[in-house]
Amino acid sequence: MGIAHLFKSHDKDLGGGFTVRRILPAAARQSVGPFLFFDHMGPVEAQPGARHDVRPHPHIGLATVTYLFEGAIMHRDSLGTEQRIEPGAINWMTAGSGIVHSERTPDDLLDRVRRTHGLQLWAALPRAHEEAPAAFSHTPADQIPEVAFEGATVRVLVGTAFGRTSPVPTFSSTLYLDVQLAPGGSIDLGGLPEESAVYAPMGAIEIDGEAIPANTMAMVEPGLPVRVSSSAGARFVLVGGEPLDGRRYIFWNFVSSSRERIEQAARDWEAGAFVPVPGDSERIPLPAWPAAWRRDGA
């Protein structure tokens with residue numbers, strides 16, 4: 001059997017009635033490859049005038065990876081980037097030594113009923129690149145490589161698979177695939193990274209004949225090929241890569257191999273030391289400090 005672990009999602013309220021299903025980090029495992037955060041957003045329908053905005057907030061030590069199936073998000077960050085995120089595109093934001101960004105409803109969608117559905121992942125940066133300069137990379141949908149098979153279509157969002165390589169820049173060996181299965185379709189996945197997992201945001205799938213419960217991520221056994229199939233048709237993603245080079249600390253939106261570095265970033269956010277998003281004076285306040293951590297950084 002090719003399944004090593006099953007991770008059930010839990011609901012996380014982001015505010016304003018916008019709830020996501022969070023799969024990573026899990027109690028049994030912090031990460032799969034470089035990915036230590038996996039949120040399934042929606043599908044959620046918003047009425048005219050409703051906003052599901054995420055106000056400016058900071059990150060360090062990671063890259064955010066945003067991918068939509070439906071809807072649109074307006075991304076703005078402290079580098080001066082303004083990028084509309086739409087279905088099929090990959091947006092890779094390297095936080096590195098520090099970045100601030102917001103994710104808001106585009107103005108042209110505010111007066112209509114709209115649906116949002118997508119995934120947001122965090123990839124921890126390798127220790128050697130945790131303090132890399134902040135950067136933002138947008139890869140339009142028509143630049144994502146696609147491979148068609150009988151009963152299956154694969155989009156290579158990040159990394160290399162089936163002889164195709166995504167243009168999305170990364171700092172370590174990383175794989176992120178979007179696979180659509182026709183009714184009765186299946187696909188054989190071999191040569192996977194040391195750590196890989198499968199999650200179906202749409203439809204029901206089986207791995208080597210074993211049904212995967214809804215809203216559940218299946219980590220596959222390293223080195224073993226797997227067959228993913230669906231009787232009614234489905235859409236799933238595969239994520240993975242080389243294992244992280246050591247433990248990561250996570251507090252709020254900060255990730256680092258050093259707890260002291262996270263404490264410094266938190267103090268910097270409280271002190272207003274991060275570069276703001278141009279033209280946006282709002283900010284999300286720092287949440288309650290973990291009881292086990294000292295605020296003086298000692």
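Brief remarks on what is shown
- If the chain linking Arg267 and Glu82 were pulled fully straight, counting 0.36 nm for each residue of separation and taking away their Cα-Cα distance, it would gain 63.9 nm.
- Value of [θ]222 nm, deg cm²/dmol, for the chain, DSSP H segments ≥ 4, -39500 (n - 2.57) each, nearest 500: -1000 deg cm²/dmol
- Near Thr19: Cβ cut-off under 13 Å, other residues only, Lys/Arg at +1 and Asp/Glu at -1. The net charge is -1.
- With the convex hull drawn around the C-alpha atoms of region 89-150, the volume per residue stands at 158 Å³.
- Average Cα contact separation per residue, the chain, under 8 Å, 6 or more apart, as relative contact order %: 21
- Gain on full stretching of the segment that runs from Trp289 to Asp107 - 0.36 nm per residue minus C-alpha separation: 62.1 nm
- Between Ala148 and Arg29, the simple label model (points 7 Å from Cα in the Cβ direction) yields a spacing of 3.4 nm.
- Rounded to 10°, Cα long-axis angle of helix 259-270 versus longest principal axis of the chain: 60
- Length added when fully stretched, Ala211-Leu6, from 0.36 nm per residue minus Cα-Cα: 72.7 nm
- Share of Cα-Cα pairs in the chain lying beyond 35 Å, as whole percent: 17
- Result for the chain in a Gaussian network model with C-alpha springs under 10 Å: among Gly98, Gly203, Gly61, the largest mean-square fluctuation is at Gly203.
Read the figures in this text as sums done on the coordinates, not as results from a lab. Just so it is clear, the model here is predicted, and its values are computed rather than measured. Using ideal geometry, Cβ is built from the backbone for each residue, glycine included, and neighbour counts are taken over all protein chains shown.
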